[in-house]
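Have a look at the structure below before the remarks.
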Amino acid sequence: MITYSKQNICSRDIKSVVKVLKSPYLTQGPEVPKFEKKVQDYCKVKYAIACNSATSALHIACKSLSLSKKDILWTSPNTFVASANCALHCGAQVDFVDIDPFSYNICIKKLEKKLQQAKKKKTLPKILVVVHMAGLSPDIRSIKLLSKKYKFKIIEDASHALGGKYLGGKIGNCLFSDMTIFSFHPVKIITSGEGGVVTTNNYQLSRKLMLYRSHGITSDPKKMENTPKNEIWNYQMIALGNNYRMTDIQASLGLSQMRKLNAFVRERNVLAKNYNLLLKDLPVQLPISLKNSYSTFHLYIIRIKNQKKIFNLFRKKNVLVNLHYIPVYRQPYYAKMGFKIGYCPESEKYFKEAISIPIYPGLKYSEQKYIANIIKKNV
Ligand SMILES: *Cc1c(COP(=O)(O)O)cnc(C)c1O
């Protein structure tokens, strides 16, 4: 069996986790801050707040920007449902901007057009969630310019993109956004089992994120109401939060994996180059590269006319290819909110042609040739 992606765990990873299991703290110990510091330093960003998933990271990112009823969040339909659901969890509305047919990221021209129309109708979004599809950054500097003109906040959903670069800087440095989200689910670039992180350069946002991650409880006397005397046991709940904390077990795995991050991304890029050569000259649309973006190749997506046939063939041969993504608004839950099939035409065309073929550190060249041959013989 070959899967489209999977984790890469070494004996050092296992040792780090076992060490925590034998330590006094399984959660709320020293490993989480260490992991956060590591991500901060890596991304060259001021703050990193670890969570138990990217889904919860997205939720508190929206909450910390005070997204609520009457507000609107926009994102790409070509993403995992969590990039849009974070708005619904805040009681806000969601709308979608169609994709570019080559990068599979949000189309910036369509975004600008939609913003112009929304301004007239007074339906401008409060937040735009920008997805780094497959690990390739869109031209986020242009999006930042639009955000100044139309006054919206930017959350980068870089669940695919830890270790990627844009304009020479690491994704997660938040130079062109308010916050960036990463996921550490086992299929992503590095893993902590389950886990996520929010990065930001904004102190106020970082405090809010920490508060919402842990029940809205503070033990900082300065933040408390009716300023209690300095009793050491004192704490107050000053906002409504959740338990979205990462455990020290997860953080220790994440920390250990961080040491391999650059090697993982380099290997994924080598594998992508191999596929580019193996599949060239076939009637298959291959991933593009962009001059300002260094992709992590979390996914290697091809577009192919006889998608269904090839997909089934792969599955029959135990090559677990996948489809990233069904346009989010096509999900029954969103359809019931009024979204119609065909809402974003480029995303629909893409959805009928895309296949994510296996790519992960440890995938062998012989396996890549085997996969490429299946395509070659059947297109
Ligand atoms: C994986 C993923 C998420 C959710 O990540 P979890 O850590 O599983 O919650 C969100 N957005 C995108 C684009 C993803 O790929």
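Pop out the carbon and sulfur fraction of the accessible area of the chain as a percent, whole number, probe 1.4 Å. Walk me through the numbers before you get to the answer.
Numbers: 9860 of 17890 Å².
Here carbon and sulfur together make up 55 percent of the probe-accessible area.
Loop only per DSSP, at most 16 neighbouring Cβ atoms within 10 Å: give me the chymotrypsin sites (Phe, Trp or Tyr not before Pro) in the stretch 101-193, ordered by residue number. It would help to have the intermediate numbers written out before the result.
Values: sites: Phe102, Tyr104, Tyr150, Phe152, Tyr166, Phe176, Phe182, Phe184; in loops: Phe102, Tyr104, Phe152, Phe176, Phe184.
Listed in order of number, the matching sites are Phe102.
What is the list of residues in the stretch 235-277 whose amide nitrogen lies under 19 Å from a point 7 angstrom out from the Cα of Tyr370, following Cα to Cβ?
Flagged as within label range: 271-272, 274-276.
Given Cα positions, please report Rg to Rh for the stretch 135-200, the hydrodynamic radius being the Kirkwood one. List each step's numbers first, then the result.
Values: Rg = 12.3 Å, Rh = 12.2 Å.
Radius of gyration over Kirkwood radius for the stretch 135-200 works out to 1.00.
Suppose each label sits 7 Å from its Cα in the direction of the beta carbon; what would the Ala239-Lys122 distance come out to in nanometres?
Result: 2.8 nm between the two label points.
Taking 0.36 nm per residue of sequence separation and subtracting the Cα-Cα distance, how much length would be gained by fully extending the chain between Met224 and Ile14, in nm to one decimal?
71.5 nm
Working only with C-alpha atoms, what are the Rg and Dmax values of the chain, expressed in angstrom?
Considering the chain through its Cα atoms, Rg and Dmax are 21.3, 76 Å.
Rounded to the nearest 10 degrees, what's the angle between the helix 248-258 long axis and the longest principal axis of the chain, both from Cα atoms, 0 to 90?
With both axes taken from Cα atoms, the answer is about 50 degrees.
I'd like to know how the stretch 1-63 sits against the 2.2 N^0.38 Å rule of thumb: what's its Cα Rg over that expected value?
Values: Rg = 14.8 Å, N = 63, 2.2 N^0.38 = 10.6 Å.
Taking the Cα Rg and dividing by 2.2 N^0.38 Å, one obtains 1.39.
Once R0 is set to 25 Å, what does the formula 1/(1 + (r/R0)^6) return for the Cβ-Cβ distance between Lys113 and Lys151, expressed as a FRET efficiency to the nearest 0.05? Could the numbers behind the result be given before it?
On the way: r = 17 Å, r/R0 = 0.69.
Step by step, r from the Cβ atoms, then E = 0.90.
Whole number in Å², please: accessible area per residue of the stretch 20-146, 1.4 Å probe, ligands, DNA and RNA not counted.
Details: 5490 Å² over 127 residues.
Result: 43 Å² per residue.
Tell me, how many Å apart are the Cα centres for the stretch 50-77 and for the stretch 334-373?
One Cα centre to the other: 25 Å.
Using the structure shown, select from Lys6/Lys109; Lys38/Lys291; Lys114/Lys352 the pairs with a Cα to Cα distance greater than 30 angstrom. Provide the component values of the computation, followed by the final result.
Numbers: Lys6/Lys109 35 Å; Lys38/Lys291 28 Å; Lys114/Lys352 24 Å.
As for pairs spanning more than 30 Å Cα to Cα, those are Lys6/Lys109.
Considering only DSSP beta bridges where both residues belong to the chain, give the percentage that are antiparallel (nearest 5). Don't jump to the answer; show the numbers that get you there.
Values: 24 of 41 bridges.
If I count the DSSP bridges inside the chain, around 60 percent turn out antiparallel.
In nm, what is the difference between 0.36 nm times the number of residues separating Ser23 and Lys69 and their Cα-Cα distance? Provide the component values of the computation, followed by the final result.
Working: separation 46, 0.36 × 46 = 16.56 nm, distance 4.39 nm.
This chain segment gains 12.2 nm when fully extended.
Taking a quarter of the surface of the convex hull around the Cα atoms of the stretch 67-144, what do you get in nm²? List each step's numbers first, then the result.
Numbers: hull surface 19.8 nm².
Mean projected area for the stretch 67-144: 4.9 nm², to one decimal.
What longest range of the chain stays clear of loop-exposed GluC sites (Glu not before Pro) (DSSP non-H/G/I/E/B, at most 15 other C-beta within 10 angstrom)? Before the final figure, lay out each step's value.
Working: sites that count: Glu225, Glu231.
Longest gap between qualifying sites, sites excluded: 1-224.
At 1.4 Å probe radius, can you tell me the per residue accessible area of the stretch 172-300 in Å²?
Numbers: 6190 Å² over 129 residues.
Result: 48 Å² of accessible area for each residue.
Could you give the length gained on full extension between Lys280 and Ile232, defined as 0.36 nm per residue of separation minus the Cα-Cα distance, in nm? The partial results should precede the final answer.
Working: separation 48, 0.36 × 48 = 17.28 nm, distance 6.62 nm.
Here the answer is 10.7 nm.
Would you calculate, for the chain, the mean residue ellipticity at 222 nm contributed by helices, counting each DSSP H stretch of 4 or more residues as -39,500 (n - 2.57) and dividing by all residues, to the nearest 500? Show your work: numbers first, answer last.
Details: 13 runs with 144 residues, N = 379.
After summing the helix terms and dividing by residue count, I get -11500 deg cm²/dmol.
For the stretch 124-276, restrict the atom set to alpha-carbon positions and state the Rg and Dmax in Å.
Expressed in Å, the Cα Rg and Dmax of the stretch 124-276 come to 18.6, 66.
For the chain, modelled as a GNM with alpha-carbon contacts under 10 angstrom, which of Thr218, Thr180, Thr227 fluctuates the most?
Sorting by GNM fluctuation, first place goes to Thr227.
The values are calculated or read from the model by the stated rules, or taken from the named source; none is laboratory data. Since the structure is predicted, the reported quantities are computational estimates derived from the model, not experimental observations. Note that each Cβ is placed from the backbone with ideal geometry, even for glycine, and that neighbours are counted across all protein chains shown. With ligands, DNA and RNA removed, areas are computed over all heavy atoms of the protein, side chains included. Shrake-Rupley method; radii C 1.70, N 1.55, O 1.52, S 1.80 Å.
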